[in-house]
Amino acid sequence: LHDSVATHWPEFGAEGKHSCTVEHVLRHRAGLANAWPTETSFDQLLRIEAMEDVMAQAKPETAPGEQFAYHYLSFGWILAGLVRRAAGADLAEVVRSRVTSRLGLADEMMLGVPEDVLAAEGRLASLEVKMPKNMGAGQQASPQGRVPQGVEGSALLSPTVFNMRKVRAACIPAANLHCSGRALARFYAGLGRVSASCGDSELLGSAMLQDLQKPLQGKEGVHLQVSGMDSNPAAKYGLGMKVFEFSRVNGGKPLTGVGHAGVGGSIGLVIPELGIGMAVTVNQLEMNGQASKAVLAVIFEELGVVPPFELR
């Protein structure tokens with residue numbers, strides 16, 4: 001976590017980013033929340049290696065580690081570049097070999113949809129928008145409401161663009177994971193369900209799992225509205241995920257959950273101490289995520305836990 005990204009990816013050290021660590025990236029403190037080229041073509045946004053190069057050459061708005069700002073799309077491209085250099089394979093392949101195949105989810109969770117799935121009738125749901133016009137992922141997620149410069153670049157922030165065949169086929173790590181609700185819940189269960197014998201989960205060692213649940217407070221006064229689930233100014237973020245604090249209906253020690261929401265209401269999370277992962281995926285996108293919250297409310301009641309305000 002404390003390695004400089006440039007240690008593994010030397011080109012990333014350009015423009016004063018040598019001090020940016022892996023932890024800074026995971027905690028949305030890399031200073032690159034709005035890292036875009038001056039003019040961005042739509043096709044360039046779909047080429048992951050091209051966007052990795054953009055991230056490597058980008059100049060941070062703030063010094064790495066100095067300030068929290070939700071990296072709504074750049075987060076995925078930075079991690080993709082880091083994974084390519086550290087693992088010697090592209091992110092989609094690493095996710096497939098080390099995550100989805102291990103959990104038996106390769107047919108239901110994918111970064112970049114293969115041709116046979118694209119051609120199969122009924123495999124992919126189409127997105128529909130029930131949000132105000134011009135409220136795309138970037139405007140919703142970024143405190144500044146900033147979008148890429150250039151008409152073509154801003155097109156990626158319109159949710160229905162993700163119905164396009166070439167967009168589904170591309171790997172856009174922070175934005176176009178395709179999965180079923182069942183697969184997303186199983187992923188979170190694999191991430192957080194702890195083995196009684198060693199404390200490890202199916203995907204993480206015990207130490208990393210503990211680090212995942214340690215929140216870093218958002219800067220006071222910055223209102224974060226992230227991915228369809230409204231957050232208060234003290235939104236808690238862990239290592240790439242939000243940290244949720246649950247109380248128990250019958251009292252007792254509070255519980256910690258980790259997870260993330262997608263634009264329009266889809267959400268997945270796990271409460272490691274209970275060993276339960278859960279997810280709701282929607283294709284009718286709405287601002288407040290009420291459909292997902294209603295489903296989660298039933299689950300929380302069954303588990304005997306009281307969720308934080310933002311999940312109600």
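Label separation (Ala63 vs Arg182): 5.2 nm, computed from points 7 Å beyond Cα along the C-beta direction. Which listed residue (Gly88, Ser19, Met109) has the Cα farthest towards the positive end of the charge dipole for region 1-120, taking +1 on Lys and Arg C-beta and -1 on Asp and Glu C-beta about the Cα centre? Farthest towards the positive end: Ser19.
Give the average over all directions of the projected area of the C-alpha convex hull of region 1-57, one decimal, in nm². Walk me through the numbers before you get to the answer.
Working: hull surface 15.9 nm².
For the Cα atoms of region 1-57, the hull's average projected area reads 4.0 nm².
Counting only aspartates and glutamates at least 8 places from Lys242 when in the same chain, those with an alpha carbon closer than 16 Å to its own are Glu23, Asp211, Asp230, Glu310. Under the 0.36 nm per residue contour assumption, what length would be gained going from the current alpha-carbon distance of Glu39 and Ala89 to full extension? Result: 15.2 nm gained on full extension. All Cα-Cα separations within region 1-111 were binned at 5 Å from zero, giving a P(r) of 2, 13, 22, 23, 18, 13, 7, 2, 0, each value a whole percent of the pairs.
Could you calculate the contour length gain from Ala50 to Asp107, that is, 0.36 nm times the residue separation minus the distance between their Cα atoms, to one decimal place in nm? Spell out each step's value before the answer.
Values: separation 57, 0.36 × 57 = 20.52 nm, distance 2.72 nm.
Gain on stretching Ala50 to Asp107: 17.8 nm.
Taking trypsin sites (Lys or Arg not before Pro) across region 74-118, the ones in a DSSP loop with at most 16 further Cβ atoms lying within 10 angstrom of their Cβ are Arg102. In this structure the amide hydrogen of Glu202, modeled in the peptide plane, comes within under 5 Å of the amide hydrogens of Arg193, none closer than 5 places in sequence on its chain.
Filter Lys17/Lys236; Lys130/Lys253; Lys17/Lys166; Lys17/Lys253; Lys59/Lys293 down to the pairs with a C-alpha to C-alpha distance above 30 Å, please. Violating the 30 Å Cα-Cα cut-off are Lys130/Lys253; Lys17/Lys166; Lys17/Lys253; Lys59/Lys293. Along region 46-60 the Karplus relation, 6.51 cos²θ - 1.76 cosθ + 1.60 evaluated at θ = phi - 60°, assigns HN-Hα couplings of 8, 9, 5, 5, 5, 6, 4, 5, 4, 5, 4, 8, 5, 9, x Hz to successive residues, with x for each Gly and Pro.
Taking a sphere under 10 Å around the Cβ of Gly277 and counting the other residues whose Cβ falls inside, with K and R at +1 and D and E at -1, yields a net charge of +2. Of the GluC sites (Glu not before Pro) found in region 58-125, the ones in coil according to DSSP and having at most 16 other Cβ atoms within 10 Å of their Cβ are Glu61, Glu66, Glu121.
Evaluated with a Cβ-only charge set (Lys, Arg +1; Asp, Glu -1), region 75-123 carries a dipole of roughly 380 debye about its Cα centre, given to the nearest 20. Rg/Rh for region 236-282 stands at 1.01; both radii use Cα atoms, and Rh follows the Kirkwood definition.
Where a number appears in this text, it was derived from the coordinates with a stated rule and is not lab data. The structure presented is a predicted model; accordingly, all values stated were derived computationally and were not measured. When we count neighbours, we look across all protein chains shown, and the Cβ atoms used for this are built from the backbone with ideal geometry, even at glycine.
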